[in-house]
Amino acid sequence: MLPPTQTSASSSGLAHRLQDVRTAIAAAARTAGRDERSVTLVAVSKGHEAEQISAAARLGITDFGENYLQEALPKIAALREAGLIWHFLGRLQANKTRPVAEHFDWVHGLDRLRIAERLSQQRSHLASPLNVCLQVNIAQDDKKAGVAPADVAPLAASVASLPHLRLRGLMCMLPEGLDTPARRDAYSRLRQLLVALRTSHPELDTLSMGMSGDFSDAILEGATMVRVGTAIFGPRDYSHI
Ligand SMILES: *Cc1c(COP(=O)(O)O)cnc(C)c1O
């Protein structure tokens, strides 16, 4: 349990923004005919201090996303007692897999078998398996990471066989500048890929898609996890970190 704290101006800003995000999630889920509890909110805390993460945790957030190891590891250490669930969202380099395997609960951007094998080897046998989502380059954007849609099934089969990973589903990031119909279409295609994959991997339960600007659209297309930073914590300022 986290100690109670006095409400400061900034934490009441946080409370309001979080309430707005939760209301929007519930509304989108209702429109889609889904239970709002079928959507997990991952609060993306990159660029924000441990203090703000504890404030969000006191408001009931359990899941936090980080992109940069150097920034994330001290925050994870400082907040160890809080029992939070940590999601690694960044680009994963082969020589940086160990701290991810040791300190995170989820990895969303997996797109190479070599990285998956290292994560599985480096995950403690005593810990629960590391949850992973395969990142799909669903918009076939040259600049975006992710496996091509046609290569998802073979990668999924290999990753699912690794002992210390638990394959949970698919994730995507869309390029900037797509209009709403194009975004909905891309999210819909990711959902269809998951549906197809579930014929051979029925245990897959996660579609990680949608960020501050478009999480409602992603929920309408079936997102079960939305990764929301700015809409909860406000703009990121990297000048102090
Ligand atoms: C930074 C980031 C987010 C959150 O972005 P916002 O626009 O601030 O909500 C979500 N997913 C990934 C992979 C990110 O890198």
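For the chain, the Cα-based Rg and Dmax, in that order, read 17.4, 52 Å. If you sort Arg191, Arg30 by accessible surface, 1.4 Å probe, largest first, the order is Arg30, Arg191. Taking only the Cα atoms of segment 202-241, the ratio Rg/Rh comes out at 1.16, with Rh defined as the Kirkwood radius.
Each eigenvalue of the Cα gyration tensor of segment 37-175, multiplied by 5 and square-rooted, gives one semi-axis; in descending order these are 25, 18, 14 Å. In this structure the chain gives 49 Å² per residue of accessible area when probed at 1.4 Å with all protein chains present.
At 1.4 Å probe size, with the rest of the protein present, what percent of the exposed accessible area of the chain is carbon and sulfur atoms?
So the carbon and sulfur contribution to the accessible surface is 51 percent.
Considering only Phe64, Ser54, Ala101, the residue lying farthest towards the positive end of the dipole of segment 21-101 is Ala101, judged by Cα position with unit charges set on Cβ.
Derived scalar couplings between HN and Hα for segment 117-133 equal 5, 5, 4, 5, 4, 8, 6, 4, 5, 8, 7, 5, x, 6, 6, 9, 10 Hz in order, rounded to whole Hz, by the Karplus curve 6.51 cos²θ - 1.76 cosθ + 1.60 (θ = phi - 60°), x for Gly and Pro. Placing a pseudo-label 7 Å from each Cα along the Cα-to-Cβ vector at His164 and Glu102 gives an inter-label distance of 1.1 nm. Only protein heavy atoms count here; under a 1.4 Å probe, Phe64 has an accessible surface of about 0 Å². Applying the Karplus relation 6.51 cos²θ - 1.76 cosθ + 1.60 with θ = phi - 60° to segment 22-34 yields 3J(HN,Hα) values of 5, 5, 5, 4, 4, 5, 5, 4, 4, 4, 7, x, 10 Hz, where x marks Gly and Pro.
Couplings 3J(HN,Hα) for segment 215-221, derived from phi with the Karplus relation 6.51 cos²θ - 1.76 cosθ + 1.60 (θ = phi - 60°), are 5, 5, 4, 5, 5, 4, 9 Hz, where x marks Gly and Pro.
Within the full protein context, the accessible area of Asp179 is estimated at about 90 Å² for a probe radius of 1.4 Å.
Annotation: for a label point projected 7 angstrom from Cα along Cα→Cβ of Thr180, residues of segment 207-241 with backbone N closer than 15 Å are 213-221.
For segment 116-241, the square roots a ≥ b ≥ c of the C-alpha gyration tensor eigenvalues yield an a/c of 1.5 or more together with a/b not exceeding b/c, which makes the shape oblate.
Report the full-extension gain for the segment Val195 to Asp142: residue separation times 0.36 nm, less the Cα-Cα distance, to one decimal in nm.
Details: separation 53, 0.36 × 53 = 19.08 nm, distance 2.50 nm.
Full-extension gain reported as 16.6 nm.
The values are calculated or read from the model by the stated rules, or taken from the named source; none is laboratory data. These numbers were taken from a predicted model, which means no experiment stands behind them. We place every Cβ from the backbone using ideal geometry, glycine too, and count neighbours over all the protein chains shown. Keep in mind that these areas ignore ligands, DNA and RNA; they rest on the heavy atoms of the full protein, side chains included. Shrake-Rupley method; radii C 1.70, N 1.55, O 1.52, S 1.80 Å.
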